[in-house]
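The values are calculated or read from the model by the stated rules, or taken from the named source; none is laboratory data. No experiment lies behind these values; they were computed from the predicted model shown. Every residue, glycine as well, gets a Cβ built from its backbone with ideal geometry; the counts of neighbours run over all protein chains shown. SASA here: full protein model, heavy atoms, side chains in, ligands and nucleic acids out. Shrake-Rupley method; radii C 1.70, N 1.55, O 1.52, S 1.80 Å.
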Amino acid sequence: MSRTFFAIVIHLSLALPCLANNSFFIPGDAFFYFEIDQAEWGALQSRKLSVMKYDRPEELSFMLCGYAGYENLDIANLPEEYWTRIVEAIATMKKKYPTKIVEIDHGETGSFGGPSGVEKKEVNKIRVFVCNKSFDFGKHRIALKYNESWPEAGVALGLRRDHFQYDFFVASAQAIVESWRMGADVRPLSVQLPTSGRIHFKEPMKFDPAEVKFLVCPPEPLSSLCFPPRDSDLKCFSVSKDGTTTLTVDKSKKSIWTEGK
């Protein structure tokens, strides 16, 4: 029965016009996002992993109409010391949040084309945001894209404006309003975009290491990183070409991070 239902869903999705997509990095976004799982961790430490794939957080819904945006970021040109600091920041975070694997039983047939049987799933991957070095964590919020031009960006990618689905990592009214209100004050992530392709770009973007920084975050809900409680003891690490700083929640201000050594 479930296979028949899934077949009908697929048939309808192919027969009808595509109404939504799954978004990767969209020009105008304030950050590129990826997660480090246990399989990637060893390769990253040895510099065998040099192209990071955009990870869509599990909080986001999945659409049947394909993907849009820029999927990959080339980090191969990071200087050795810079790379080492990123690895050290992730290692420190992983020490506090050891890899956790859970087993999920999907049944014999699974559902909606998903896996069947028992799936082993890593549920606490380390979160990493790549943003401009000038991004101020004391003024602007983690996980907000601050993209004012995303409707036009979708059209430029080759999608119809009324069909383009844009993903908000934190989809509360407060977060969306904040992102739009302050968008003019936050520069888009400085990256070199591939010049060929349409809609879904797999050729990696590149960047100047001196212009960006990597924010290493714990595997906590995105809403808690965006609007941390004043009494939160969460920590993040901001890694740039110049060094590493620690972000903690400012106890004197509501939902704001402060950056120190």
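With charges set only on the Cβ (+1 for Lys and Arg, -1 for Asp and Glu), what does the dipole of the chain come to about its Cα centre, in debye to the nearest 20? It would help to have the intermediate numbers written out before the result.
Numbers: 33 positive and 33 negative charges, 72 e Å.
Here the size comes out at about 340 debye.
Tell me the carbon and sulfur percent of the accessible area for the chain, rounded to whole percent, probe radius 1.4 Å.
Numbers: 7360 of 13550 Å².
The C+S portion of the solvent-accessible surface of the chain is 54 percent.
As a test of the formula, what do you get for the chain when each DSSP H run with n ≥ 4 contributes -39,500 (n - 2.57) and the sum is divided by the residue count, at 222 nm and rounded to the nearest 500 deg cm²/dmol? Before the final figure, lay out the partial values.
On the way: 6 runs with 61 residues, N = 261.
Result for the chain, helices only: -7000 deg cm²/dmol.
So, for the chain, what is the accessible surface per residue at a probe of 1.4 Å, expressed in square angstrom? Before the final figure, lay out each step's value.
Working: 13550 Å² over 261 residues.
Each residue of the chain exposes 52 Å² on average to a 1.4 Å probe.
Dipole size in debye (nearest 20) for the range 76-220 around its Cα centre, Lys and Arg Cβ +1, Asp and Glu Cβ -1? Display every interim value, and only then the final one.
Values: 21 positive and 19 negative charges, 45 e Å.
Here the size comes out at about 220 debye.
When the Debye formula is applied to the Cα atoms of the range 162-203, each taken as the same point scatterer, what base-10 log of I(q)/I(0) results at q = 0.26 Å⁻¹?
So the normalised log intensities work out to -1.01.
Expressed in nm², what is the orientationally averaged projection area of the convex hull enclosing the Cα positions of the chain? Write out the running numbers ahead of the final one.
Details: hull surface 61.0 nm².
Average projection, Cα convex hull of the chain: 15.2 nm².
Among Q165, G138, S255, pick out the residue whose Cα is farthest towards the positive end of the charge dipole of the range 102-261, where Lys and Arg carry +1 and Asp and Glu carry -1 on C-beta, about the Cα centre.
Going by the charge dipole, the pick is G138.
Going through the cross-link list K100/K133; K96/K206; K133/K254; K96/K213; K96/K251, which pairs have a Cα-Cα distance over 26 Å in this structure? Before the final figure, lay out the partial values.
Working: K100/K133 32 Å; K96/K206 31 Å; K133/K254 24 Å; K96/K213 22 Å; K96/K251 22 Å.
In this structure, K100/K133; K96/K206 lie more than 26 Å apart at Cα.
Assuming a ≥ b ≥ c are the square roots of the Cα gyration tensor eigenvalues, decide whether the range 139-184 counts as rounded (a/c under 1.5), prolate (otherwise, with a/b larger than b/c) or oblate. Each step should come with its number before you reach the end.
On the way: a/c = 2.67, a/b = 1.94, b/c = 1.37.
Because a/c hits 1.5 or more and a/b exceeds b/c, the range 139-184 counts as prolate.
Rank-order 66-78, 168-180 by packing density, defined as the average count of other C-beta atoms within 10 Å over each peptide's residues, highest first.
Values: 66-78: 18.9, 168-180: 16.0.
For the peptides 66-78, 168-180, the packing ranking is 66-78, 168-180.
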